[in-house]
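Asks: Please see the structure below; I have some questions.
Every number in this text was worked out from the coordinates using simple rules, so none of it is lab data. These numbers were taken from a predicted model, which means no experiment stands behind them. Cβ: placed from backbone, ideal geometry, glycine included. Neighbour counts: every protein chain shown.
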Amino acid sequence: MKIVSLIAAVTVAFAGASFAQAPAENSPEKTAVVANDRAYEAAYAKGDAKSLADFFAEDADYTTEDGRTFSGREAIEGAIRAGLVGNRGAKLAIAVDTVRLLGPESVLEKGSTTVTAKNGEKSNSRYTAIHLKKDGKWKISQLIETPEPMLTPRDRLAELEWLIGQWEESNKNDDLTVYSLYSWARGGNFLTRSITVKRAGEVTLEGWQIIGWDPVEERLRSWTFDGEGGFAGGYFTRDGDRWLLRETGVAPDGSRTSADNTLTKLSADRFAWESINRTLDGDPQPGIGRIEINRMKGR
């Protein structure tokens, strides 16, 4: 059962909040909620159903993402207890989005939860909760859970959306210029990149790349083709503003290739690219040092 992860999303018991305090994102109320979330996570890890249920008012209402409703602390405790049995050994993480005062003795909280099972499987939910002050303590009066929105392939690609536009890299010593144009494919579920290499103004090589979401591997991947008949494919790994693309491919003559290419966002109009661990039929090849690439003005 997923109910414990849903109930676990909400924490209370932050005392002394008053309506006179501003409902800012960094307010004392939010600070207290986050601190109590950590305490709730600890109670969840211990499997303490009674302690978890005590965060709710006696007459609280809880609605699950599948439409089930539990009314009263006793019913909620029973649901929590059953959920703990089904999630034994799981870990809970709570992320608060907003905490807002509705009145002198009422607070609205919104956020999300992630429960990670012992086998590594994750389940996510979003929640909205109303807390009321009762006998000097804040208690959950109403909790409504909704499913985590299904992410589309375009949603998955949003982290690379900043690449949309035309980019230029020039080497004046060799009179070489590389142009890259990133754009959305029709339907918006793939990013496409066209590459044109010019020397002394003449086109010497063209290439194309498609970037999309792999629903089986659950990560971004790419397919790259060059005008001479070579092709490669690989997967992205993100670390902040840095993306590693580990590719393997085939050269036009059938030789096997591999490389670790790194793209680092430096600003909205500039990124760096480098390539290491390059091989040809298993033999090490020279790497390509850091190159900075700039967005073309007005593109």
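Asks: Roughly what would the spin-label model give for SER106 and GLU217, points 7 Å off Cα along C-beta, in nm?
Replies: It is 5.1 nm.
Asks: Can you bin the stretch 163-272 into rounded, prolate or oblate? Criterion: square roots of the alpha carbon gyration tensor eigenvalues sorted a ≥ b ≥ c, rounded for a/c under 1.5, prolate for a/b above b/c, oblate for the rest. Intermediate results must be reported in sequence, preceding the final value.
Replies: Numbers: a/c = 1.59, a/b = 1.21, b/c = 1.31.
Since a/c reaches 1.5 but b/c is at least a/b, the shape of the stretch 163-272 is classed as oblate.
Asks: Quick one: if you stick a label point 7 Å off each Cα along the C-beta vector at LYS265 and THR98, how many nm between them?
Replies: 2.4 nm
Asks: Quick check for you: which residues of the stretch 71-95 have the amide N under 14 Å from the point 7 Å beyond the Cα of ALA45 toward its beta carbon?
Replies: 89-94
Asks: Something else about it: For LYS137 and TRP208, compute 0.36 nm times the residue count separating them, minus their Cα-Cα distance, and round to one decimal in nm. Intermediate results must be reported in sequence, preceding the final value.
Replies: Numbers: separation 71, 0.36 × 71 = 25.56 nm, distance 6.14 nm.
Length difference between fully extended and current span is 19.4 nm.
Asks: Another one. What percent does the relative contact order of the stretch 65-167 come to when contacts are Cα pairs within less than 8 Å and at least six residues apart?
Replies: Details: 128 pairs, mean separation 18.3, N = 103.
In percent, rounded to a whole number, it is 18.
Asks: Same structure again: In a GNM of the chain with a 10 Å cut-off on Cα contacts, which of GLU121, GLU247, GLU168 has the highest mean-square fluctuation?
Replies: GLU121
Asks: Can you tell me the orientation of helix 73-86 relative to the chain, as the angle in degrees between its alpha-carbon axis and the longest Cα principal axis, to the nearest 10?
Replies: The answer is roughly 40 degrees.
Asks: Then there is this: Can you pick out the pairs among LYS30/LYS137; LYS110/LYS137; LYS110/LYS265; LYS50/LYS118; LYS30/LYS110; LYS30/LYS139 whose Cα atoms lie more than 21 Å from each other? It would help to have the intermediate numbers written out before the result.
Replies: Numbers: LYS30/LYS137 16 Å; LYS110/LYS137 19 Å; LYS110/LYS265 31 Å; LYS50/LYS118 23 Å; LYS30/LYS110 11 Å; LYS30/LYS139 15 Å.
Cα-Cα > 21 Å for LYS110/LYS265; LYS50/LYS118; rest within.
Asks: Please work out how much length the chain gains when fully extended from ARG88 to THR116, using 0.36 nm per residue of separation minus the C-alpha to C-alpha distance, in nm with one decimal. Show your work: numbers first, answer last.
Replies: Working: separation 28, 0.36 × 28 = 10.08 nm, distance 1.06 nm.
Result: 9.0 nm gained on full extension.
Asks: Right, here's the next one. For the pair GLU159 and ASP66, how long in nm is the line joining their label points, each one 7 Å along Cα→Cβ?
Replies: Distance between label points: 3.1 nm.
Asks: Short version: ³J(HN,Hα) in whole Hz for each residue of the stretch 202-213, in order, from phi by Karplus 6.51 cos²θ - 1.76 cosθ + 1.60 (θ = phi - 60°), x for Gly and Pro, what are they?
Replies: 9, 6, 10, 7, 10, x, 9, 9, 10, 10, x, 8
Asks: What do you get for the angle between helix 28-46 and the principal long axis of the chain? Use alpha-carbon atoms, 0 to 90 degrees, nearest ten.
Replies: 90 degrees
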